[in-house]
Amino acid sequence: MPAAPRPGATLIADATVLRPLIDGASWGYAGTDTLNGVSTSYSNTVSQVVSSGILTERASNAFRDGVDSATLSASGGTVYSSAVAALTGISTHLIKYPELRSPVRLNDQVTVLDQRFSDIGIDSDGDGKRESGELGIYRIVVGLEDVIMANGATRRAVRVDMFAIARVTLSSTGGTSPATQVALQSTWYAEGIGVVKQRLTTPVSATSNQVVEEVLTYFDGITKGFGAVPAVQVRMAADAAVDPDRPLESAISVVGFSDHAVLIGDFVGSQSTRSTAISSVDKRGQVTRTSLYAGLQRSGFVALGDRLLAVVTADNMASSCQFELMHFDAHGVRATGRANSVITIRPALGQTLCSGVPQVRFAVDGSRLWVAMVRRSLSSSGWVTDLVVRPFDAEGNPLADETTVFSANRLLSTVSAVSDGLTLQSASAAGGKVVVGYLTDGSGKLKLASVTDAGVVTRTEYALATARLDAAALLATSKGAALLWQGPEDPVLRVAPARGALLDVNLLPQLSSGNGLDAQNLPGAPTACAGACLQFMRGPGDSIWVGKAALPSDAPGVLSFASYNASAGDLAAQSASLAQFSLADIDERGQAINQFHVIPFADRTLVVASARNKLYTKVFWQP
């Protein structure tokens, strides 16, 4: 055993941050086993479980050598590891050693094992007797190094090398062989994650080594993590009263709360009974409970405060139109005996009958439910079609008078022959206001309106160079709004740029470059396909996401997103934060995905995808 060098500079004050011990945590690794110039790929999954106060770490295929386990603990700033190892050819031994100790210092060396064995299970000299020998194992802190992860990200990590040195005593002569290095295991530890890379080098001849290396692909630490966690098929909760653990097939709607999401979809039970399943899914993509409802009408679902609301179009009552609000708690459980709340929509001023609400959008701002709707009203002089907005509370009580954004008169005619004259495209709310985007027949312009609680209306319109005006999006922000759209398609490349601009409280574009709207290409954003394949959505905080699901001709099963900060000025002048979410572990490498929903949380993104009547969740941790 070599003499320990003098410890150097402190690299990390607290060693325990390099080796998280978390009940239920898991790590995934992509490995390569290289021998005689031939490399074989494999995978290894590591998990930690606490039972009776003892934390056990299990590896499915560490260094491509099958299942392995160790007991880990931390005390006084030192992380201890205890494992049973096959140190000789005929026996196993329990080894407990300090894996990391505080402070973590350069050149810090610890002895793991220094032991003589009377029988090593090998007859080296051919005299019919097995030899004895000595084995020494020690660990030394090498320093800080950058590790390139499987997804291309770089992490600063502490490298620790563990050497195994052996010496054999021959039974025939009593002579001893030179001390020889029989293995070198290098391990890289990153703060807050743990082992991000490990390599085992074993001599197989005087001139060649076998090298087995693993690099982290993901870490799921329950409340923190890294990378993309493997997709999980969505099933009924294991403790469900009906059809426990039965797979769910679809998600018609997904509603995000601050710490979980709610999935709404059709469910066919084991007895072929059909119902609507409302499932609560935690931020790790695991179903925590499912409630089944028979005969639940197709509805719009929104999260309002700490509850889930289903908005149902009800039958007209007298001269008015109605919506009903069906109340659920935040996890999709309906209160027993709770009656639906009613939102009453009266006809337009001067009209006698509300005949229908053919178009409606809902937007939530704190405890307000904004309803933007195209309403048809009738009187003896003809039809009035108008676009109105109004805020309500969770009980359906109006919080302010309705505000008319647009109104068009029609001559007396049958309902079927009447064109509404407008298309309600989007509604989004933030900061005590709602912004709506709509199109009117023949205008060729996107019309925008902002309405406050006090009924103050700001209107404007923009003629945008785009083949898909109907795919433009208007997103409310804390300071105004963001207008996003896709530009004209390049006739050669067959792609279209994503464009966007921030609008102030008066819906005027904020363009630091001084160029017009049609010069506002978003840097780093995915390019659009011939159709409307871009998604524009609000991300965590004041961020804006521009996303695209890759076509089969590109990279099937890959979602690409660019993130911009609505509080950082001109979007076209920003450097986007880029992310790619691979869904290749869903069905046939993601090629069979027919629908997906993206739910951004502050620290991770949850994707819900369906393929071949199966539903999956997949978590992507924020970098």
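Brief remarks on what is shown
- Extension gain, residue 289-residue 589: 0.36 nm per intervening residue step, less the Cα-Cα distance, totals 105.1 nm.
- The order of 321, 533 by accessible area, most exposed first and with a 1.4 Å probe, is 533, 321.
- Using Cβ point charges alone (K and R +1, D and E -1), the dipole size of region 39-115 about the Cα centre works out to roughly 100 debye.
- Counted over all Cα-Cα pairs of region 260-410, pairs farther apart than 19 Å make up 58 percent.
- Loop-located trypsin sites (Lys or Arg not before Pro) in region 323-389 (DSSP state not H, G, I, E or B) with no more than 13 neighbouring Cβ atoms inside 10 Å: 338.
- DSSP-loop trypsin sites (Lys or Arg not before Pro) across region 2-107, with at most 16 other Cβ within 10 angstrom: none
- In region 1-113, the convex hull through the Cα atoms has an average projected area of 9.6 nm², a quarter of its surface area.
- Of the accessible area of the chain, computed with a 1.4 Å probe over protein heavy atoms only, carbon and sulfur atoms account for 50 percent.
- Think of region 1-153 as having a plus end and a minus end, set by charges on the Cβ of Lys, Arg, Asp and Glu; of 93, 34, 149, 149 sits farthest toward the positive end of this dipole.
- Applying a DSSP loop filter and a limit of 16 other Cβ atoms within 10 Å to the trypsin sites (Lys or Arg not before Pro) in region 437-506 leaves 445, 479, 494.
- Remark: spin-label model distance residue 397-residue 456 equals 2.6 nm, labels positioned 7 Å along the Cα→Cβ axis.
- Surface exposure of the chain, expressed per residue as accessible area with a 1.4 Å probe, stands at 45 Å².
- Accessible area in the full protein assembly, largest first, 1.4 Å probe, for 239, 570: 239, 570
- Placing +1 on each Lys and Arg Cβ and -1 on each Asp and Glu Cβ, with no other charges, gives the chain a dipole about its Cα centre of roughly 780 debye.
- If R0 is 56 Å, the Cβ-Cβ spacing of residue 107 and residue 129 corresponds to a FRET efficiency of close to 0.85.
- The lysine pair tally for the chain, using Cα distances under 18 Å and a gap of 8 or more places or different chains, is 6.
- Residue order for 390, 130 - accessible surface, 1.4 angstrom probe, largest first: 130, 390
The values are calculated or read from the model by the stated rules, or taken from the named source; none is laboratory data. What you are looking at is a predicted structure, and each value in this text was computed from that prediction instead of being measured. Virtual Cβ from ideal backbone geometry, glycine too; neighbours counted across all protein chains shown. We work out accessible area using only protein heavy atoms, side chains counted, and drop any ligands, DNA or RNA first. Shrake-Rupley method; radii C 1.70, N 1.55, O 1.52, S 1.80 Å.
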